[in-house]
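Novice: Here it is: the structure, laid out below.
The values are calculated or read from the model by the stated rules, or taken from the named source; none is laboratory data. Since this is a predicted model, take the numbers as computed values, not measurements. Reconstructed Cβ throughout: ideal geometry from the backbone, glycine too, with neighbour counts over all protein chains shown. Ligands, DNA and RNA are excluded from the accessible area calculation, which covers all protein heavy atoms including side chains. Shrake-Rupley method; radii C 1.70, N 1.55, O 1.52, S 1.80 Å.
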Amino acid sequence: MSKRDYYEVLGLSKSATKDEIRKAYRSLSKKYHPDLNKDENAEDKFKEVTEAYEVLSDDSKKANYDQFGHAGPSQGFGGGGFGGDGFGFEDIFSSFFGGGGRRQDPNAPRKGNDLQYTMTIDFMEAVFGKSTEIEIPKEEECGTCHGSGAKKGTSAKTCSHCGGSGEISVTQDTPLGRMVNRRACHHCGGTGKIIPEKCATCRGEGKVKKMAKIKITIPEGVDDGQQLRVSGQGEPGVNGGPTGDLYIVFRVKSHEKFIREEDDIYLELGLSYPQAALGDEIEVPTVHGDVKLKVPAGTQSGTRFRLRGKGVKNVHGRGIGDQHVVVKVVTPKKMNEKQKELMRQFAAIGGDHPEEYSSSLFDKIKRTIKGD
């Protein structure tokens, strides 16, 4: 099955900006993450969304994709020759006339598989970063046979059926003439080698499954859905090839007070009626600690104050966000008789025009609050 267009996967047009690409990825990765979505297709969709984002968020990869599509510049004609699976003229010529073909050398070094690990972290760990250690299951080179798959003191032999090439030729007579097809050797599984005596530890695989402890540094300012590449911590390579990489996807827990939007922090703060009406200087919590905020007299519910530089440091080093404090004037549910009487006086003097309230009444309320 051919891959879907990356722009289609993220629901975007080709003119989408970097910000639009990032927002689309954040939304879809949360929607399809296997930890949150139990649909049987969620994991496949999550991987598809992640792959699309990795390409479109990288300028060079995006430029290459926009020009050549999924095929890449080496394929030409917009994708993999006939049928889109890489079967082209050379393969057709080979199947009819027994040409050399393009099969990769089974004994050539190959990079190991990449791994993905989902890591849940606290809100503050995402804001300030942290050095920690994780434990993940992964394949490692067998320590008994050192990756050969052969019993200690023995070695693998060249497959006598394919001569070490990993493939065999099958000749067929057809109305069009004699055809030669090349197939993976079923005796050696396409590896070109036979292991007469297999290692008892890994059973001839050359790899064993182990729990590996890996030290990582959570980047300061990382956000929910973003990922970290840890080079060389994937599965071991084949035939001496390089080790794959580990990709850590972060899931950030919500906070009881703060709400994060990109690099900005939002906080709803309750004010009493006298504080809003008369003004006050209050302590406001931020991720960096408490700070003082002057609330002017006459502040209305829903008013927003900005505390510059009190947000989150951008994970790519592009400055620090702000904190936005949204005030909510809280109406008292219980009042004593003295408070009720003052409110009745306040209402009586105010009449139908709040702007005409007497300043002497404000002074009286203020003195009452202070206990004068």
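Novice: Regarding I265, is this residue under 20 Å from T118 (Cβ atoms) and either at pLDDT 85 or above or in contact with a helix residue (DSSP H, G or I) (Cβ under 7 Å, 6 or more places away or on another chain) (or both)? If you could, list the steps in order and put the result at the bottom.
Specialist: Details: under 20 Å from T118 (Cβ atoms): no; either at pLDDT 85 or above or in contact with a helix residue (DSSP H, G or I) (Cβ under 7 Å, 6 or more places away or on another chain) (or both): yes.
So I265 fails the test.
Novice: Separate question: Can you pull out the residues in the range 238-269 that are closer than 19 Å to Q226 by Cβ and of a type in the set (A, V, I, L, M, F, W, C)?
Specialist: Start the filter on the range 238-269 by keeping residues that are closer than 19 Å to Q226 by Cβ, which leaves 245-255, 258-265.
L246, I248, V249, F250, V252, F258, I259, I265, listed by residue number.
Novice: Of (1) open to solvent by 70 Å² or more (accessible area, probe 1.4 Å); (2) in contact with a Phe, Trp or Tyr (Cβ under 9 Å, 6 or more places away or on another chain), I134 satisfies all except one. Which?
Specialist: Failed condition: (1).
Novice: Looking at the range 192-200, is at least one residue out of contact with any helix residue (DSSP H, G or I) (no Cβ under 6 Å at 6 or more places or on another chain), free of Cβ contacts under 8 Å to residues at least 40 places away in the same chain and not in a loop (DSSP other than H, G, I, E, B)? Outline the logic, then answer.
Specialist: In the first step, residues of the range 192-200 are kept if they are out of contact with any helix residue (DSSP H, G or I) (no Cβ under 6 Å at 6 or more places or on another chain); the result is 192-200.
Pick out the ones that are also free of Cβ contacts under 8 Å to residues at least 40 places away in the same chain and you get 194.
From what's left, not in a loop (DSSP other than H, G, I, E, B): 194.
Yes, the conditions are met somewhere in the range 192-200.
Novice: Quick check: anything in the range 27-34 among the small types (G, A, S) and surrounded by 13 or more Cβ atoms within 10 Å (Cβ to Cβ)? Walk me through how you get there before you give the answer.
Specialist: Taking the range 27-34 as the starting set, the residues that turn out to be among the small types (G, A, S) are 27, 29.
Filter once more, keeping what is surrounded by 13 or more Cβ atoms within 10 Å (Cβ to Cβ): 27, 29.
The answer is yes; a qualifying residue exists.
Novice: State yes or no: is A212 in contact (Cβ under 8 Å) with a residue 12 or more places away in the chain, more than 20 Å from the chain's Cα centre (by Cα) and assigned to a strand (DSSP E or B)? If you could, list the steps in order and put the result at the bottom.
Specialist: Numbers: in contact (Cβ under 8 Å) with a residue 12 or more places away in the chain: yes; more than 20 Å from the chain's Cα centre (by Cα): yes; assigned to a strand (DSSP E or B): yes.
In short, yes.
Novice: Small (G, A, S), surrounded by 14 or more Cβ atoms within 10 Å (Cβ to Cβ) and outside any strand (DSSP E or B): which single residue out of S165, S155, S160 fits that description?
Specialist: Details: S155 fails: surrounded by 14 or more Cβ atoms within 10 Å (Cβ to Cβ); S160 fails: surrounded by 14 or more Cβ atoms within 10 Å (Cβ to Cβ).
From the options S165, S155, S160, the qualifying one is S165.
Novice: Going by the conditions given, is G206 of a type in the set (G, A, S), modelled with pLDDT under 90 and either closer than 21 Å to V55 by Cβ or open to solvent by 70 Å² or more (accessible area, probe 1.4 Å) (or both)?
Specialist: Numbers: of a type in the set (G, A, S): yes; modelled with pLDDT under 90: yes; either closer than 21 Å to V55 by Cβ or open to solvent by 70 Å² or more (accessible area, probe 1.4 Å) (or both): no.
No; evaluated as a whole, the condition is false for this residue.
Novice: Limited to the range 224-278, what total is found for residues that are polar (S, T, N, Q), surrounded by 15 or more Cβ atoms within 10 Å (Cβ to Cβ) and part of a strand (DSSP E or B)?
Specialist: Total satisfying the criteria: 1.
Novice: I need a count of the residues in the range 313-344 that are within 24 Å of the chain's Cα centre (by Cα) and under 21 Å from Q300 (Cα atoms).
Specialist: Taking the range 313-344 as the starting set, the residues that turn out to be within 24 Å of the chain's Cα centre (by Cα) are 313-322.
From the residues that got through so far, the ones that are under 21 Å from Q300 (Cα atoms) too are none.
Qualifying residue count, the range 313-344: 0.
Novice: Further question: Suppose we keep only residues that are of a type in the set (A, V, I, L, M) and more than 20 Å from R26 (Cα to Cα) within the range 218-245. Which one would you say is nearest to the chain's Cα centre (by Cα)? It would help to see each step written out before you state the result.
Specialist: Taking the range 218-245 first, the residues of a type in the set (A, V, I, L, M) are 218, 222, 228, 230, 238.
Imposing the further condition that a residue be more than 20 Å from R26 (Cα to Cα) reduces the set to 230, 238.
Values: V230: 13, V238: 28 Å.
In this case the residue turns out to be V230.
Novice: Turning to a different aspect of this structure: Hey, could you check the range 295-327 for residues that are part of a loop (DSSP other than H, G, I, E, B) and among the charged types (D, E, K, R) and say which is nearest to P285 (Cα to Cα)?
Specialist: Going through the range 295-327, the residues part of a loop (DSSP other than H, G, I, E, B) turn out to be 296-303, 308-312, 314-319, 321-322.
Now narrow it down to the ones that are among the charged types (D, E, K, R): 308, 310, 318, 322.
Values: R308: 14, K310: 10, R318: 24, D322: 13 Å.
Only one residue fits best here, namely K310.
Novice: Looking only at the range 280-332, filter to residues that are open to solvent by less than 70 Å² (accessible area, probe 1.4 Å) and among the polar types (S, T, N, Q); which one of those is farthest from E261 (Cα to Cα)?
Specialist: Checked the range 280-332; the qualifying residue farthest from E261 (Cα to Cα) is T299.
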